[in-house]
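Participant: Right, I'll just put the structure down here and ask away after.
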Amino acid sequence: MRHWNLTIDAHGIAWMRLDTAGASMNKLSAEVLAEFAAQLDEFDRKPPAGMIIQSAKDSGFIAGADVEEFKALDKPERAQEIIARGWHLFNRLAAVSYPTLSLIRGVCLGGGLEISLACRYRIAVDEPATRLGLPEVLLGIVPGWGGMMRLPRLIGPQAALDMMLTGKTLDARRAKRAGLVDLAVPARLMERSAAELIRSGRPPHRPSGLPALMNHPLMRPIIAAMAKKQVAKKARPEHYPAPYAIIDLWQKTDGDPLKMPQLMQAIIGSPTTKNLLRVFFLQERLKSLGKESSFKAKHLHVIGAGTMGGDIAAWGALRGLTVTLQDQDISRIAPAMGRAAALFKKRLRDPLLRRAAMDRLIPDTKGEGIHHADVVIEAIFENLQAKHALFQQIEPSLKPGAILATNTSSLKIEDLRTALADPSRLVGIHFFNPVAMMPLVEVVAAAGTQTQAAADAAAFVRSIDKLPLPVKSAPGFLVNAVLAPYMLGAMRKLDEGVMPSVIDAAMRRFGMPMGPIELADTVGLDIALAAGQQLSDTTTAPKCLMERVERGDLGKKTGRGFYEWAKGSIANRSDVAAIPEGLAESLIAPLVDRTQALVQEGVIADADLADAGVIFSTGFAPFRGGPLNWNKTRSIRG
């Protein structure tokens, strides 16, 4: 076999270790599944005492199906073939006479979890990298290889639907509590535990009590109606049909996609599926941009412990770096340390891991960390003279080959680097707020910036689990440059008499996570005004914006802006009965136009990267495939 390694141990147990050839992660391609099926044929003739499925790769268990094969999903017969292949094979696995076990270490997603569900037993290795889930809905498709049938039977329909409808993953301990795995064990015990469990003769896990009752056919319509009500709060069926299809398939066919071919063809042939797959490949392209350099960072030094600097430092420590955080005195650093502790508590369930992360984050009032750092990021306030003075001070202390970066969002690299003896080494590494939530980071290069420095910066960004987006130095780079005209255009609609709630409702219905007026209030109206004056093509700010800034009504942070705010939420949000036709299109037009202009100006390399940047920074409706893709396909459809 090319992809599977088979060994039979002294007890007659077959260890099937997957090592997908030519791939960094294990994927269930047609060839991988064909080899597995052939091995099952052999076991039919000579059954083993048991079979354990395991990964031979350090990168994880199985990341899912080979998504490259999904590019043929525009042909209904090809899609049906892919579904039937896994459905029948995993049903066959579930029916074998000998005990089977899935030994899961690292990511176990999509088809990886579906092959595990078809086994009698499951063991998860208790490590941070171990995650189990069925995230197909994020690609606009459904778990078609038995996940919709077996997961509700195993952990109950409410917990199963929650996982399938959101793409949520579980770590080893949560999976054990849910009943998804039989054991959660440390790595040192995984193979011994697997061998003992498969020889135990223990009956497979089945839910009892209320979870089992809810899976009864008479209860399914009630559970399905409740699930659809919850989904409708976040996703409209015309925008995201897949979650509704998952509910229908579970309710009406016990999760068998082959029994509703018309529904499956509608899902697979929908623009949403095409665009969400496009977004997946855009994300993969961004990930690949960090592979052009072998740069490895162990020590990060951040200067400026404000909201951005402190949160960048905390994220670096969370991702395993030693981080020194510099500011003028400890009182300025203390709030950042408090936010870091809250982040670690939220992200790391093991107290020992939280303690280790805090130990990696070191207050540094004297800047001693600069001498040892592989990456130095400046994140002080946006003042050119102050940044010049800082660069002149720290440049002599930098290690050879260290990255020197600025997190500026408004100043040009060309202006900042004039204070340096070697101006070619400065790059922009521009994070977005909140740092822990926003996946995109702009990597900014100016004319004359060292090519290697930019490549190293992208590698660093990828190493801390962010998506690097290369952009050229220009006012606002990509993201802020397209957001400014979008928000200002929305405010000009306010000056024309359109209500804030109507504008925001129009854009939420379009698919944006938040309307532009609420976004402006959240960012701060003073910041929106300053950014607009710098980045907008027009010189006159909207009257409604100027009036509020002059009064000191700056949005969420002051409790009043375009909305009243209470406890971090809009207090006076009102229902919108009707949205004028064409309003959303006119509101999004400035963003689309500016994005197209930045591609033409070369600020961003091409339209695909521009779409990726806007999606992963602003939340631009993923089902539309990006602003330029949406504009192009809209024009094609007339």
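The values are calculated or read from the model by the stated rules, or taken from the named source; none is laboratory data. Not measured: the values here are computed from a predicted model. Glycine gets a Cβ as well: all are built from the backbone with ideal geometry, and neighbour counts include every protein chain shown.
Participant: Would you mention how many residues in region 58-111 are part of a helix (DSSP H, G or I) and more than 19 Å from residue 16 (Cα to Cα)? I'd like the intermediate steps shown before the answer.
Facilitator: Quick first cut of region 58-111, residues part of a helix (DSSP H, G or I) only: 67-72, 76-94, 111.
From what is left, the residues that are more than 19 Å from residue 16 (Cα to Cα) are 67-72, 76-85, 87-88.
Final tally of qualifying residues: 18.
Participant: Can you tell me which residue within region 127-150, out of those that are aliphatic (A, V, I, L, M) and part of a loop (DSSP other than H, G, I, E, B), is surrounded by the fewest Cβ atoms within 10 Å (Cβ to Cβ)?
Facilitator: Initial filter on region 127-150 (aliphatic (A, V, I, L, M)): 129, 132, 134, 137-139, 141-142, 148-149.
Next cut, part of a loop (DSSP other than H, G, I, E, B) only: 129, 134, 141-142.
Numbers: 129: 14, 134: 30, 141: 29, 142: 28.
The extreme case among them is 129.
Participant: Right, next: Residues of region 437-456 being out of contact with any helix residue (DSSP H, G or I) (no Cβ under 9 Å at 6 or more places or on another chain) and either closer than 15 Å to residue 312 by Cβ or assigned to a loop (DSSP other than H, G, I, E, B) (or both), which ones?
Facilitator: Passing the criteria: only 437.
Participant: Go through the residues of region 185-195 one by one and say whether even a single one is of a type in the set (D, E, K, R), in a loop (DSSP other than H, G, I, E, B) and out of contact with any Lys or Arg (no Cβ under 9 Å at 6 or more places or on another chain).
Facilitator: Checking region 185-195: not a single residue is of a type in the set (D, E, K, R), in a loop (DSSP other than H, G, I, E, B) and out of contact with any Lys or Arg (no Cβ under 9 Å at 6 or more places or on another chain).
Participant: A further question follows. Cβ contacts < 7 Å: first residue closer than 18 Å to residue 141 by Cβ, restricted to region 222-240; second residue modelled with pLDDT under 95 and part of a loop (DSSP other than H, G, I, E, B), any location; separation 6+ or different chain. Result?
Facilitator: Once the first residue is closer than 18 Å to residue 141 by Cβ and sits in region 222-240, its partners that are modelled with pLDDT under 95 and part of a loop (DSSP other than H, G, I, E, B) give 239/511.
Participant: Does region 466-486 include one or more residues that are within 26 Å of residue 240 (Cβ to Cβ), in a strand (DSSP E or B) and in contact (Cβ under 8 Å) with a residue 60 or more places away in the chain?
Facilitator: Yes, some residue in region 466-486 is within 26 Å of residue 240 (Cβ to Cβ), in a strand (DSSP E or B) and in contact (Cβ under 8 Å) with a residue 60 or more places away in the chain.
Participant: Identify, by number, the condition in (1) in the same structural domain as residue 589 (by TED's automatic domain parsing); (2) in contact (Cβ under 8 Å) with a residue 24 or more places away in the chain; (3) surrounded by fewer than 18 Cβ atoms within 10 Å (Cβ to Cβ) that residue 493 doesn't meet.
Facilitator: Going through (1) in the same structural domain as residue 589 (by TED's automatic domain parsing); (2) in contact (Cβ under 8 Å) with a residue 24 or more places away in the chain; (3) surrounded by fewer than 18 Cβ atoms within 10 Å (Cβ to Cβ) one by one, residue 493 breaks only (3).
Participant: In addition: In region 3-24, what count of residues is obtained for those that are surrounded by 20 or more Cβ atoms within 10 Å (Cβ to Cβ) and more than 22 Å from residue 193 (Cα to Cα)? Before you say what the answer is, go through the steps one by one.
Facilitator: Within region 3-24, the subset surrounded by 20 or more Cβ atoms within 10 Å (Cβ to Cβ) is 3, 13-16, 18, 20.
Okay, now just the ones that are also more than 22 Å from residue 193 (Cα to Cα), so 3, 20.
Final tally of qualifying residues: 2.
Participant: Here's a follow-up. Select from region 25-57 the residues that are part of a helix (DSSP H, G or I) and β-branched (Val, Ile, Thr) and list them in ascending order. Don't jump to the end; show me each part of the working.
Facilitator: Taking region 25-57 as the starting set, the residues that turn out to be part of a helix (DSSP H, G or I) are 30-45.
Matches in region 25-57: 32 only.
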